[in-house]
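Input: a single structure, listed below in structure tokens.
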Amino acid sequence: MFSKEFLEILNYECAVGIATCAQGEAHISNTWNRYLVIKGDRILIPVAGMKKTQSNVEANPNVELSVATKELVGRFGAGRGFVVKGTARFID
């Protein structure tokens, strides 16, 4: 399950970075948090057109998401963010 603090960020507009890596090359795609759907311990993200992201995930399913907003106070002042590590797969 995701923490209350992480879920709170999703109430504010923010970009979400999707980092993948394959063949020794890192790649980052971005989307908006409003497109994320939380289902238990999973995050569903529509990724139409993210061909490099899909290719990388097929070769290496490990991904990292970066989610942050300046609208909430963090530990050191303005802004709060999280990096979420996990595995991904594409579903048609």
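The values are calculated or read from the model by the stated rules, or taken from the named source; none is laboratory data. None of these values were measured; they are calculated from a predicted model. As a convention, Cβ positions derive from the backbone with ideal geometry for all residues, glycine included, and neighbour counts pool all protein chains shown.
Annotations
- Contact annotation: residue pairs with Cβ atoms under 8 Å, 6 or more positions apart or on different chains, pairing a residue in region 42-55 that is without any contact (Cβ under 8 Å) to a residue 40 or more places away in the chain and part of a strand (DSSP E or B) with a partner that is among the hydrophobic types (A, V, I, L, M, F, W, C) and surrounded by 14 or more Cβ atoms within 10 Å (Cβ to Cβ), are 44/36.
- All of 13, 58 fail the test of being in contact with a strand residue (DSSP E or B) (Cβ under 9 Å, 6 or more places away or on another chain), at negative phi and not in a loop (DSSP other than H, G, I, E, B), apart from 58.
- Among the residues of region 18-36, the ones that are touching a Ser or Thr at 6+ places or on another chain (Cβ under 9 Å), touching a residue at least 12 places away in the same chain (Cβ under 8 Å) and either loosely packed, with under 10 Cβ neighbours inside 10 Å or over 16 Å from residue 49 (Cβ atoms) (or both) come to 3 in all.
- The sole residue among 75, 80, 34, 42 that is among the basic types (Lys, Arg), under 17 Å from residue 6 (Cα atoms) and in contact with a Gly (Cβ under 7 Å, 6 or more places away or on another chain) is 80.
Here's the yes/no breakdown for (1) modelled with pLDDT of 95 or more; (2) aliphatic (A, V, I, L, M):
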{"residue": "1", "(1), (2)": "no, yes"}
{"residue": "13", "(1), (2)": "no, no"}
{"residue": "17", "(1), (2)": "yes, no"}
{"residue": "26", "(1), (2)": "yes, yes"}
{"residue": "42", "(1), (2)": "yes, no"}
{"residue": "56", "(1), (2)": "yes, no"}
{"residue": "59", "(1), (2)": "yes, yes"}
{"residue": "70", "(1), (2)": "no, no"}
{"residue": "88", "(1), (2)": "yes, yes"}
